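The structure appears below as structure tokens.
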Amino acid sequence: MGLRISIAIAACLCAAGCVQAAKTTIGAAGAVGKTAAGVTVDATGAALSVGSGKRDDRGHKKKRKHHDDPRPFDASRNAMADVDAALTSSEISGKRVLLVLGGNWCHDSRGLAAKFEQRELAQVIGENYHLVWVDVGRRDRNLDVPARFGVPQLFGTPTVLILSPEETLLNADSVHDWRAADSKPYDETLRYFESFALRDGNQTPA
């Protein structure tokens, strides 16, 4: 009986995603995984993560190893400066700004980063977005970043903000829908970011 209760509690926690109690400090943002550097990062050409669609020599899909997932969040970066730089680049390129707020401790944050490294999604991100990873710790740092765009509270990690070059939040209805990003199907994730991609210069979601 006790074992069944423990399993049920564990299942509920997994379903809820990376949700932990908040404290209060200030930190910064990060770049893409082990390969990217700088302020805004386009994922074009990013390598496939182990087990995230990569296949072995016989063409069999490899089992995913969560410990190999990227850890792109860097608490040492100046998050707001990274966001400002991305918005400046956005004004020039017309691309949107994609902010991923999370932490390396969170398997859902790393799981989303792993999906971003898969070829099709990497191409969508690279062609349509300036990507910024914002380290929010355990929802206790850099909270001024989401607040700036009308998101005063984080319910879990990762939280995803898609901004126009004019700093308009385009996905206000779904910013909090990524707390279980690791278990969200890849095809659903791909369709989501495709839906906010620019179409023939159109500045509104497709």
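Here, each number is a calculation from the coordinates, and none is a lab measurement. A quick note: this is a predicted structure, and the numbers were derived from the prediction, not measured. Positions of Cβ are backbone-derived with ideal geometry, glycine not excepted, and every protein chain shown enters the neighbour counts.
Things to note:
- The stretch between Arg119 and Gln153 holds 9.0 nm of extra length on full extension. This uses 0.36 nm per residue minus the Cα-Cα distance.
- Where labels lie 7 Å past Cα in the beta-carbon direction, separation of Asn78 and Asp177 in nm: 3.5 nm
- Taking label points 7 Å from Cα along the Cα-to-Cβ direction, Asp144 and Arg191 give a separation of 4.0 nm.
- Net charge in the neighbourhood of Phe193 (other residues with Cβ under 11 Å of its Cβ; Lys, Arg +1, Asp, Glu -1) is -1.
- Computed on the Cα trace of the range 100-172, the radius of gyration divided by the Kirkwood hydrodynamic radius gives Rg/Rh = 0.96.
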